[in-house]
Every structure is written in structure tokens, then in C-alpha cells.
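Read the figures in this text as sums done on the coordinates, not as results from a lab. It should be emphasised that the depicted structure is a prediction, and the values quoted were computed from it without experimental measurement. Here the Cβ is made from the backbone with ideal geometry for all residues, glycine too, and neighbour counts use every protein chain on show.
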Amino acid sequence: GKQFLIVGIKNKATYSVARVAIRARCHYANKKWLGGMLTNFPTIETRLHKFRDLRTEQKTGGLNRLPKRDATMLKKQLSRLQTYLGRIKYMTRLLDIVIIVDQQEEYTTF
């Protein structure tokens, strides 16, 4: 019943983080860490509601009934929200556990 978040932003960790998080059915962040994701959850929750509403509008065809300019702006906003919030879209409450993956590259000189 606990909610996990796996974070891996570095290039070498993004694919592994996504694969493991999908298998474990937990939230993950592999594109960008949004500031306040843990400390300012009410704001993140508001953005998640907006994201879900826009996705519902898109699926039902509601965006097609709008003027072209408004529809384009909302599609662009939806795309941006998908990039940043798509992996945590089902997060309903503050997380219990956060796992941070950071692969440090080691260089040796001879």
C-alpha cells in the first residue's frame, strides 16, 4: 500500500529507471525533477488534475471543438505536462518512499 517514486535523471540511468519502475508498477521521474514535487504537493496535485482533465478532453474530442488557436495552445500544454508529469499521473497523495538513482562515471588516468 506504499507509494514509491524512483528518480534517475542522468542519461545513463533513464532507461533503467523507466524499465524497473514499470515492472514494479510505481511512479518514476526520468526526464526532469520538478521542484516542489515533495515539498509543495498541493501545487503538483493541481497540475496533475489539469493534466488528467486535458487528457480526458483530448480523448473525447473536446479539443477539436475549440478554435484552432486555443486547441493548439492546449495541445502544447498537454505535451509539456506529459513530459514532466506523465510518469506520476496516478499519484494521489504524498509519496512514502523516494529512491534516487545516480550513476557516477569514473575516469582513470594513466
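Quick notes on this structure:
- Taking the chain as a Gaussian network of alpha-carbon nodes connected by springs under 10 Å, the highest mean-square fluctuation of the residues Arg23, Arg87, Arg47 belongs to Arg23.
- Mean Cα-pair separation over length for the chain, i.e. relative contact order, pairs under 8 Å, 6 or more apart, %: 44
- The stretch 1-43 - percent relative contact order, Cα under 8 Å, separation 6 or more: 42
- Extended-chain gain in nm, criterion 0.36 nm per residue less alpha-carbon gap, Leu66 and Tyr90: 5.9 nm
- Treating r as the C-beta distance of Arg47 and Met73 and R0 as 22 Å, the FRET efficiency rounds to 0.85.
- Helical mean residue ellipticity (222 nm; -39500 (n - 2.57) per DSSP H run of 4+; nearest 500) of the chain: -16000 deg cm²/dmol
- Listed candidates (1) 13.7, 41; (2) 13.3, 38; (3) 16.9, 65 - label of the one calculated as Rg and Dmax of the Cα atoms in Å: (3)
- Per-residue ³J(HN,Hα) for the stretch 27-39, Karplus 6.51 cos²θ - 1.76 cosθ + 1.60, θ = phi - 60°, Hz, x for Gly and Pro: 6, 8, 10, 10, 9, 8, 8, 7, x, x, 4, 9, 8
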